[in-house]
Amino acid sequence: VSGKFPRTEKRKSGEPLTLVLSSGGIDSTVAVAMVLSQGQAVETLFVDYGQAAAAAEERASAAVAAHFGIQRCRLRLDGLAFGAGEIRARNAFLVHVALLAFPRNTGTVVLGIHAGTPYADCSEAFVDETQRSFDMHTGGAVSVSAPFVGMDKGAVFTLGLELRLPIALTHSCEAGDEPCMTCLSCQDREALLASS
Ligand SMILES: [Zn+2]
């Protein structure tokens, strides 16, 4: 894993931090807007793990962080390549990279997963399992939060509209730089935009 993350040791003090895993998509961006609206100290983490849309996601996550005026860090895992669709253990990897890189002693890692997909790592069981792992590693100092795990995509989108989410800045397609209009994420986005 390579990338730019401010030296962790210097920052390991002070207030708890909320670190949102940002893919630049709608769900994680709603999560950023929500925790900011709650007055939390927020930073985002973008990880390029070889996903097909990494370049577009990175641009979107940078634009989202700039929009909200918050610090964003990026990390990159070299050597893997993925297409659209479920990526086994992706979220397990991402939350543990976030814990590895976590720049404070205490806080929360936020994941924008929502209900309505068949993916194992978008479930309440996954969140519970992750919290057990975090507890083992941190003695309860760092939590995982998935505020939308019980909400469907439409409810997350509605919340995003209420929070005046900058939807135009986000990127949803799993297949690459330009929206393919056929992957599940493109279809979801079109349906949401049509209904709003
Ligand atoms: Zn697509």
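Comparing Gly112, Gly83, Gly154 in a Gaussian network model of the chain, where Cα atoms under 10 Å apart are tied by springs, the biggest mean-square fluctuation is seen for Gly83. Restricting segment 60-120 to trypsin sites (Lys or Arg not before Pro) that sit in a DSSP loop and have at most 15 other Cβ atoms within 10 Å of their own Cβ leaves Arg88. For Ser145, the residues whose modelled amide H falls within less than 5 Å of its own, excluding neighbours fewer than 5 places apart on the same chain, are Val109, Val110, Leu111. Under 5 Å from the amide H of Leu75 lie the amide H atoms of Phe46, Val47, Asp48, each residue being 5 or more positions distant or on a separate chain, with H modelled from the backbone and absent for Pro and chain starts.
The radius of gyration of the Cα set in the chain, together with its Dmax, comes out at 15.7, 47 angstrom. Ordered from highest to lowest accessible area with the whole protein assembly present and a 1.4 Å probe, Met151, Met136, Met34 read as Met136, Met151, Met34. Farthest towards the positive end of the charge dipole of the chain, among the residues Pro166, Val97, Tyr49, is the Cα of Val97, using unit charges on the Cβ of Lys, Arg, Asp and Glu. Using θ = phi - 60° in the Karplus curve 6.51 cos²θ - 1.76 cosθ + 1.60, the 3J(HN,Hα) couplings for segment 25-36 round to x, 5, 5, 5, 6, 4, 4, 4, 4, 5, 5, 5 Hz; x is entered for Gly and Pro. With all protein chains kept in place, the per residue accessible area of segment 10-70 amounts to 34 square angstrom at a probe of 1.4 angstrom. Per-residue Karplus couplings for segment 134-151, computed as 6.51 cos²θ - 1.76 cosθ + 1.60 with θ equal to phi - 60°, are listed in order as 4, 4, 5, 7, 10, x, x, 7, 10, 9, 10, 10, 10, x, 9, 4, x, 10 Hz, Gly and Pro entered as x.
About the Cα centre of the chain, what is the dipole size in debye to 20, counting +1 per Lys and Arg Cβ and -1 per Asp and Glu Cβ, all else neutral?
In total the dipole reaches around 760 debye.
For the chain, the share of DSSP beta bridges that are antiparallel, to the nearest 5, is 15%.
In the context of the full set of protein chains, residues of segment 143-196 present 52 Å² of accessible surface per residue (probe radius 1.4 Å, heavy atoms only). To the nearest 10 degrees, how steep is helix 153-162 against the longest Cα principal axis of the chain, on a 0 to 90 scale? The answer is roughly 80 degrees. Here the Karplus curve 6.51 cos²θ - 1.76 cosθ + 1.60, taken at θ = phi - 60°, turns the phi angles of segment 54-63 into couplings of 3, 5, 5, 5, 5, 4, 5, 5, 5, 5 Hz, with x standing for Gly and Pro.
Between His137 and Met181, the FRET efficiency estimated from the beta carbon spacing at R0 = 41 angstrom works out to 0.50.
Among the protein heavy atoms of segment 21-174, carbon and sulfur supply 53% of the accessible surface, probe 1.4 Å, non-protein parts ignored. The mean sequence distance of close C-alpha pairs (under 8 Å, at least 6 residues apart), as a share of the length of the chain, puts its relative contact order at 28 percent. Estimated translational diffusion coefficient (Stokes-Einstein, Kirkwood radius over Cα pairs, 25 °C, 0.890 mPa s) of segment 7-102: 175 µm² per second.
The values are calculated or read from the model by the stated rules, or taken from the named source; none is laboratory data. These numbers were taken from a predicted model, which means no experiment stands behind them. Every residue, glycine as well, gets a Cβ built from its backbone with ideal geometry; the counts of neighbours run over all protein chains shown. With ligands, DNA and RNA removed, areas are computed over all heavy atoms of the protein, side chains included. Shrake-Rupley method; radii C 1.70, N 1.55, O 1.52, S 1.80 Å.
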